[in-house]
Amino acid sequence: MARLLDAKCRQCRREGCKLFLKGERCTTKKCSVERRPAVPGQHGEGRKKVTQYGTQLREKQKMKRAYGILEKQFREYYEKAEKMKGIVGENMLSLIERRLDNVVYRMGIGASRAECRQIVSHGHITVNNKNVNIPSYSVKVGDVITIKENKQELEMFKSLKGMKMVMPKWVEFNAETLTGKVLALPKREDIDMNISEHLIIELYSR
C-alpha cells in the first residue's frame with residue numbers, strides 16, 4: 001500500500017499551516033508549526049516570491065498531505081468530480097471526505113487520518129456489517145460504520161466509550177455502542193479544511 005513517507009511535522013511546515021497529521025500533538029505547544037514556522041530546509045526563510053503556479057501547486061500539496069493521498073489517486077478524484085454536476089472543486093472535496101478512513105476520523109474514532117487509515121486497513125471496521133479494509137472505500141448515505149465486536153475490547157477503542165465527540169453534522173457516532181452512521185453527503189460548508197479548492201481546479205485545468 002503506497003503512502004507518504006515524509007516526516008509529518010515537516011509536511012505541515014512546508015505548507016505553512018497545521019494539517020493535524022499527528023492528532024493531539026498538533027494542538028499543543030510541541031507542534032512544529034508553532035515552534036519552527038519557517039519552511040524546512042537551509043534556505044526556508046529566504047523563500048518569499050511565489051508565482052501563480054506555485055500558489056496553485058502549494059494548495060494541491062496541502063490538500064493531498066492533509067488527507068494522505070498520493071498524486072495518481074488525487075488526480076482520479078479530480079477527473080471523477082469533473083464529470084459530476086455542480087462545482088468541480090466542491091465535488092472533489094465531497095468525494096475525498098467520503099473516504100472511509102476520513103469518515104472514521106470525522107467520527108472521532110482515531111486522533112488523526114493516518115491513525116484511522118491504519119484502523120481501517122487492519123480490519124477493525126465494518127460497513128453495513130461487512131468487513132471493509134480499504135481506506136479509500138467511498139461511503140454512501142445511510143451506511144452504518146461499526147468497530148468490530150471482537151476488536152471493541154482493545155484499549156484504543158475502550159477509551160472511546162462514554163466520550164463526547166465533536167463531529168460534522170453529516171455523520172453521527174454513538175460512543176456507547178461504537179457505531180456510527182452517514183446521515184448525508186458532505187457539503188462545502190460542512191468541511192472545515194482551510195483549502196482554496198478552486199486553485200487546485202485551475203492547476204489541473206492548465
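Just list whichever of Lys62/Lys83; Lys62/Lys148; Lys62/Lys140; Lys49/Lys80; Lys80/Lys181 have alpha carbons separated by over 29 Å in the model shown.
Lys62/Lys148; Lys49/Lys80
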Report task. Sort segment 100-184 into rounded, prolate or oblate with this rule: let a ≥ b ≥ c be the square roots of the eigenvalues of the Cα gyration tensor; rounded if a/c is under 1.5, and if a/c is not under 1.5, prolate when a/b is larger than b/c, oblate otherwise. Result -> rounded
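Values quoted throughout were computed directly from the atomic coordinates according to the rules given, and no laboratory measurement underlies them. Every value quoted in this text rests on a predicted model; they were computed, and no experiment measured them.
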